[in-house]
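The values are calculated or read from the model by the stated rules, or taken from the named source; none is laboratory data. Computed from a predicted structure; not experimentally measured. We place every Cβ from the backbone using ideal geometry, glycine too, and count neighbours over all the protein chains shown.
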Amino acid sequence: MSATPGGAPPYWVLHVDLDQFIAAVEVLRRPELAGRPVVVGGSGDPTARAVVATASYEARAFGVHSGMPLRTAARRCPDAVFLPADNPAYDAASERVMAVLRARPGAVVEVLGWDEAFVGVRTGDPEACAADVRAAVLAATDLHCAVGIGDTMVRAKLATGFAKAPGPGVYRLSAANWAAVMHHRPTRALWGIGARTAAKLAERGLHTVGDLAAADPAALAADLGPAMGPYYVQLGRGISRVEVSGEPWVPRSHGRETTFPADLADWARIREETAGLARRVIAEGDRPAARVAVTVRLVPFTTKVRSATLPAPTTDADAFCAAALEVLERFRPLVERPDRPPRGVRLLGVRAEYPVREG
């Protein structure tokens with residue numbers, strides 16, 4: 001909660017997170033699917049090589065989750081309804097939700113993705129405001145959401161986890177209850193700390209959020225780097241940006257991936273597919289690319305990414321394609337192995353990374 005100059009109401013950050021968004025949009029289009037396990041991903045064919053984009057709560061009860069191969073999802077939940085992803089429909093539904101949020105007087109909205117956004121508001125009753133937001137979104141879109149309330153953005157984001165079903169739908173996490181709610185939890189409970197970082201912290205005796213909050217920033221700076229060390233300590237204390245930005249979201253990269261129905265082992269074919277992806281990515285981009293990244297998923301399921309900085313930002317398809325193929329060559333020894341059969345490639349991806357805009 002920020003200072004209140006001139007007697008204005010306190011400033012709060014709301015984190016609005018739509019429930020099972022993609023599945024919910026599909027159920028709205030097909031009401032007969034309500035209450036059934038629904039899995040969305042790829043072409044909707046559970047025998048094809050693709051991964052789950054989202055699963056309804058009914059499917060999650062069987063252990064189906066985002067990123068899981070569709071074939072695995074079909075084994076875990078054979079009665080699930082499998083549907084193809086329809087990105088334009090999700091774009092349209094998301095924009096309707098964001099329009100509801102932007103319509104609130106005085107609200108500042110910072111979109112994080114299809115299904116979530118931060119909303120900055122000044123109010124003396126943030127719980128009532130959050131309840132109003134939930135009701136307005138439901139009335140306008142028939143979509144349910146949870147709302148986390150915080151005095152910083154990281155606290156609002158984490159609060160949403162406690163608000164989601166079977167939670168109350170609205171939850172507040174601030175400096176007042178941060179220690180009581182978070183200090184006993186593992187560091188991985190923090191937004192922005194994954195398994196690898198949690199393991200690094202554990203090696204240094206920092207197992208819980210409370211451990212991290214009590215750590216010496218200077219010591220962690222010397223150990224984990226001058227930027228990341230103090231940053232992790234701030235996360236442990238729930239400290240982050242407070243003011244929500246209404247600036248339009250600008251993507252930092254754009255990429256495409258292809259999962260092949262049969263493994264590729266012919267290097268000429270792999271180069272051809274990579275070149276096609278690179279040309280598509282640069283054609284779809286809205287500004288010059290500064291870096292190129294290539295993703296290769298090898299049999300059985302090993303994914304590796306390599307990247308390179310371009311000599312200068314470019315929109316030239318030939319230059320970008322040549323750079324992608326140069327990066328791809330780093331994977332050749334992993335595919336064409338001496339004295340052994342070639343190792344198959346399940347997936348290829350190419351990503352253009354854009355220069356960071358200043359100011």
Handout entry: When residues of region 78-88 are limited to those that are at pLDDT below 95 and not in a loop (DSSP other than H, G, I, E, B), the one surrounded by the most Cβ atoms within 10 Å (Cβ to Cβ)
Key = N87
Exercise for the section: Starting from region 133-148, keep only residues that are assigned by TED's automatic domain parsing to the domain that holds E116 and under 12 Å from V100 (Cα atoms), then list their pairs with residues that are assigned to a loop (DSSP other than H, G, I, E, B) and among the basic types (K, R) whose Cβ atoms are within a distance under 8 Å, requiring at least 6 positions of separation or different chains. Expected result: V133/R104; A136/R104
Handout entry: Failed criterion for T302 (all others in (1) touching a residue at least 24 places away in the same chain (Cβ under 8 Å); (2) of a type in the set (S, T, N, Q); (3) within 20 Å of R343 (Cβ to Cβ) hold)
Key = (1)
Problem - Sole exception among (1) among the small types (G, A, S); (2) in a loop (DSSP other than H, G, I, E, B); (3) modelled with pLDDT under 95 for A175, by number - result: (3)
Exercise for the section: Sort out which residues of region 294-305 are surrounded by 15 or more Cβ atoms within 10 Å (Cβ to Cβ) and charged (D, E, K, R), and write them in order of number. Expected result: R297
Problem - Selection count where residues are in a helix (DSSP H, G or I), more than 29 Å from M98 (Cβ to Cβ) and either among the charged types (D, E, K, R) or out of contact with any Ser or Thr (no Cβ under 8 Å at 6 or more places or on another chain) (or both), scope region 232-247 - result: 1
Handout entry: Residue satisfying condition, being outside the structural domain of L138 (by TED's automatic domain parsing), surrounded by 15 or more Cβ atoms within 10 Å (Cβ to Cβ), part of a loop (DSSP other than H, G, I, E, B) and free of Cβ contacts under 8 Å to residues at least 24 places away in the same chain, within set A202, A198, A215
Key = A215
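Considering only region 276-299, I want to know if a residue exists there that is polar (S, T, N, Q), part of a strand (DSSP E or B) and at pLDDT below 95.
Within region 276-299, not a single residue is polar (S, T, N, Q), part of a strand (DSSP E or B) and at pLDDT below 95.
Kindly indicate whether A92 is small (G, A, S) and touching an Asp or Glu at 6+ places or on another chain (Cβ under 7 Å).
Judged against the criteria, A92 is not a match.
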Problem - Residue count, region 333-352 (criterion: out of contact with any Lys or Arg (no Cβ under 7 Å at 6 or more places or on another chain), modelled with pLDDT under 95 and farther than 11 Å from A265 by Cβ) - result: 4
Fill in the blank from the handout: Sole miss for R134 among (1) of a type in the set (K, R); (2) buried (at least 16 other Cβ atoms within 10 Å of the Cβ); (3) at pLDDT below 95 is condition (3)
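Between D79, D45, D125, D91, which is under 28 Å from T303 (Cα atoms) and acidic (D, E)?
None of the others qualify; the one that does is D45.
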Exercise for the section: Please enumerate the residues belonging to region 100-132 that are assigned to a helix (DSSP H, G or I) and without any contact (Cβ under 8 Å) to a residue 40 or more places away in the chain. Expected result: R102, A128, A131, D132
Handout entry: Close pairs from region 35-62: first assigned by TED's automatic domain parsing to the domain that holds P78, partner in a loop (DSSP other than H, G, I, E, B) and aromatic (F, W, Y), Cβ under 7 Å, at least 6 apart
Key = P37/F62
